[in-house]
1. Calculated FRET efficiency, S99 and A137, Cβ-Cβ r, R0 41 Å, to nearest 0.05?
2. What is the calculated FRET efficiency for L59 to I109, with r their C-beta to C-beta distance and R₀ = 35 Å, to the nearest 0.05?
3. Give me Rg/Rg_expected for region 72-149, where Rg uses Cα atoms only and Rg_expected = 2.2 N^0.38 Å with N residues.
4. If packing is taken as the average number of other Cβ atoms within 10 Å across a peptide's residues, how do 64-74, 38-48, 127-137 rank, most packed first?
5. Quick one: net charge of D128's neighbours, Cβ under 14 Å, K/R +1, D/E -1?
6. For A130 and D36, calculate 0.36 nm times their separation in residues minus their Cα-Cα distance, and state this gained length in nm to one decimal.
7. Sort region 1-150 into rounded, prolate or oblate with this rule: let a ≥ b ≥ c be the square roots of the eigenvalues of the Cα gyration tensor; rounded if a/c is under 1.5, and if a/c is not under 1.5, prolate when a/b is larger than b/c, oblate otherwise.
8. Mind scanning K55/K114; K58/K114; K103/K139; K58/K139 and naming the pairs with a C-alpha gap bigger than 24 Å?
Amino acid sequence: MGRPPNPNAKVPTVVNAGFVIGDDGVAVVDTLFTFDAKGNPGNESNKDLLTEIRKLTKLPIRYVINTHHHPDHTGGNGIFAAAGAVVVAQHNVRGWIQSENLKLLGNNITAETKAFIEALVPPTVGYDHALDLYLGARKIQVRSFPGHTGGDSVVLIPDSRMRRQFVSNQTSSLCVCIPYPFDLSGCQVWSSN
Ligand SMILES: [Zn+2]
């Protein structure tokens, strides 16, 4: 949000998502949702993301990592869970994915959006402060830096040439490449404003 839409995007979304290919599988960082012509949330963007991943690799999709519980980061969990992924997030996400999202959307929520939120697939693996996942030899570091929601995660891939960091802040979700190693305390500045 706050940036112009990518003109090359086939389906506009309000945030970004990404994926990491390892030796024996794939990890997806955040899942999206797309509004249809009637303004109802759906999963066209996630189907496109899955298609793009499949163009690059036939390896299994082992993990989804949700950087927080908001629906623009969890909307397609079900698509990837159905493809075999285990959904992982800081432990608050599981408890908040329905209750807090319904609160966030308020009393004027449409029946279709309410049904979409109630059907969001919650994480089945939670962690408190730090979690390391492996795709073969490739390590993925998931670290909790609460600020935007209290259930936020930063994702780092230490063996990549440019380290990809997925982080959320108050107004938007960022996916930025930064030099590594770096001082994670900088994330607290982003997540606390
Ligand atoms: Zn958010």
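1. Working: r = 39 Å, r/R0 = 0.94.
According to the calculation, E is roughly 0.60.
2. Values: r = 38 Å, r/R0 = 1.08.
Calculated value: 0.40.
3. Values: Rg = 14.2 Å, N = 78, 2.2 N^0.38 = 11.5 Å.
Computed over Cα atoms of region 72-149, the ratio equals 1.23.
4. Working: 64-74: 26.8, 38-48: 16.9, 127-137: 13.9.
With the highest mean Cβ count within 10 Å placed first, the list reads 64-74, 38-48, 127-137.
5. Numbers: positive: R94, R143; negative: D132, D152.
So the environment of D128 carries a net charge of 0.
6. Values: separation 94, 0.36 × 94 = 33.84 nm, distance 3.65 nm.
30.2 nm is the gain from fully extending A130 to D36.
7. Details: a/c = 1.80, a/b = 1.23, b/c = 1.47.
Judged from the Cα gyration tensor, region 1-150 comes out oblate (a/c at least 1.5, b/c at or above a/b).
8. Working: K55/K114 33 Å; K58/K114 34 Å; K103/K139 36 Å; K58/K139 20 Å.
Table pairs above 24 Å Cα-Cα are K55/K114; K58/K114; K103/K139.
Just so you know, all these numbers are worked out from the coordinates, no wet-lab data involved. What you are looking at is a predicted structure, and each value in this text was computed from that prediction instead of being measured. All Cβ positions, glycine included, derive from the backbone under ideal geometry; neighbour counts span all protein chains shown.
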